[in-house]
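Some notes on the structure that comes next.
The values are calculated or read from the model by the stated rules, or taken from the named source; none is laboratory data. Since the structure is predicted, the reported quantities are computational estimates derived from the model, not experimental observations. Note that we place each Cβ from the backbone using ideal geometry, even for glycine, and neighbour counts take in every protein chain shown.
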Amino acid sequence: MKHPDWYPAWRDEAFDELKAKNTRLRDFRLGSWSRYDYDLTAGTLLFSEEGVVKVAAEIQVAGTTSVRANNWLWAWANSNLPGEVLDDAKRVRSFGEENGIDELAQAYVTDTDHLEALGWGLTGATVRICDALGAYRPPSVQGGLYLILKTINWAN
């Protein structure tokens, strides 16, 4: 895939930034609550314990990975997603088009050997371009839904 010379290092830095941002979110214990629920139309992600919401986040969708198809699909190209959660992915596509970065501007990206790393790498690029707080991927066996955290707060 076509990209400028600076892009591979930029993407690696974006992934490192994502890891640091997610570490700063550790106090919210995102992976440890007994339940999570997301509402893509409302653009929310809720974490709860014993029926009580503990943490609430506003989200956007970066994209999805598919083990069956061995690819990444950008949210802006996924007709199954509501428009309310696509703004950040559309910004990434524009950035890719303006800078000649195919993997940010084309609907699908394939990487049969490292699909999860691909998902997190492209999510890191999204977080960097859109200045998000971090990212979350709900647990899944068949692939992944990569959510961008725009805001996050303790529930009342």
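Looking only at the stretch 119-138, filter to residues that are in contact (Cβ under 8 Å) with a residue 24 or more places away in the chain and out of contact with any helix residue (DSSP H, G or I) (no Cβ under 9 Å at 6 or more places or on another chain); which one of those is nearest to residue 87 (Cα to Cα)? Steps first, please.
So the first thing to find is which residues in the stretch 119-138 are in contact (Cβ under 8 Å) with a residue 24 or more places away in the chain, and the list is 119-130, 132-136, 138.
Next, from what is left, pick out any that are out of contact with any helix residue (DSSP H, G or I) (no Cβ under 9 Å at 6 or more places or on another chain): 119, 138.
Working: 119: 18, 138: 20 Å.
If we take residues in the stretch 119-138 being in contact (Cβ under 8 Å) with a residue 24 or more places away in the chain and out of contact with any helix residue (DSSP H, G or I) (no Cβ under 9 Å at 6 or more places or on another chain), then 119 is nearest to residue 87 (Cα to Cα).
Could you go through the stretch 42-62 and let me know if any residue there is under 17 Å from residue 15 (Cα atoms) and hydrophobic (A, V, I, L, M, F, W, C). Within the stretch 42-62 (the criterion being under 17 Å from residue 15 (Cα atoms) and hydrophobic (A, V, I, L, M, F, W, C)), the answer is yes, since at least one residue qualifies.
Residue count for the stretch 89-113 under the criterion of being closer than 13 Å to residue 71 by Cα and either out of contact with any helix residue (DSSP H, G or I) (no Cβ under 9 Å at 6 or more places or on another chain) or polar (S, T, N, Q) (or both): the result is 4.
Of the helices (runs of 4 or more DSSP H) lying entirely inside the stretch 5-105, those containing at least 2 residues that are farther than 13 Å from residue 122 by Cβ span 7-24, 87-99. Would you call residue 19 surrounded by fewer than 19 Cβ atoms within 10 Å (Cβ to Cβ) and under 13 Å from the mean Cα position of the chain (by Cα)? So residue 19 fits the description; yes. Scan the stretch 49-70 and give yes if some residue there is surrounded by fewer than 17 Cβ atoms within 10 Å (Cβ to Cβ), of a type in the set (A, V, I, L, M) and touching a Gly at 6+ places or on another chain (Cβ under 9 Å), otherwise no. Taking every residue of the stretch 49-70 in turn, at least one turns out to be surrounded by fewer than 17 Cβ atoms within 10 Å (Cβ to Cβ), of a type in the set (A, V, I, L, M) and touching a Gly at 6+ places or on another chain (Cβ under 9 Å). Restricting the stretch 105-122 to residues that are over 13 Å from the mean Cα position of the chain (by Cα) and of a type outside the set (S, T, N, Q) leaves a set whose member that is nearest to residue 6 (Cα to Cα) is 105. When the residues of the stretch 85-104 are filtered to those that are surrounded by fewer than 20 Cβ atoms within 10 Å (Cβ to Cβ) and more than 15 Å from the chain's Cα centre (by Cα), the one that is nearest to residue 144 (Cα to Cα) is 102. Within the stretch 106-120, the set of residues being out of contact with any strand residue (DSSP E or B) (no Cβ under 9 Å at 6 or more places or on another chain) and in a helix (DSSP H, G or I) comprises 117 only.
Could you please find all residues in the stretch 1-47 being among the hydroxyl-bearing types (Ser, Thr, Tyr) and touching a residue at least 24 places away in the same chain (Cβ under 8 Å)? Spell out how you get there, then give the answer.
First pass over the stretch 1-47, keeping only residues among the hydroxyl-bearing types (Ser, Thr, Tyr): 7, 23, 32, 34, 36, 38, 41, 44.
The answer is 7, 36, 38, 41.
Of the candidates 30, 81, the single residue that is buried (at least 17 other Cβ atoms within 10 Å of the Cβ), at pLDDT 95 or above and either in contact with a strand residue (DSSP E or B) (Cβ under 8 Å, 6 or more places away or on another chain) or within 22 Å of residue 6 (Cβ to Cβ) (or both) is 81.
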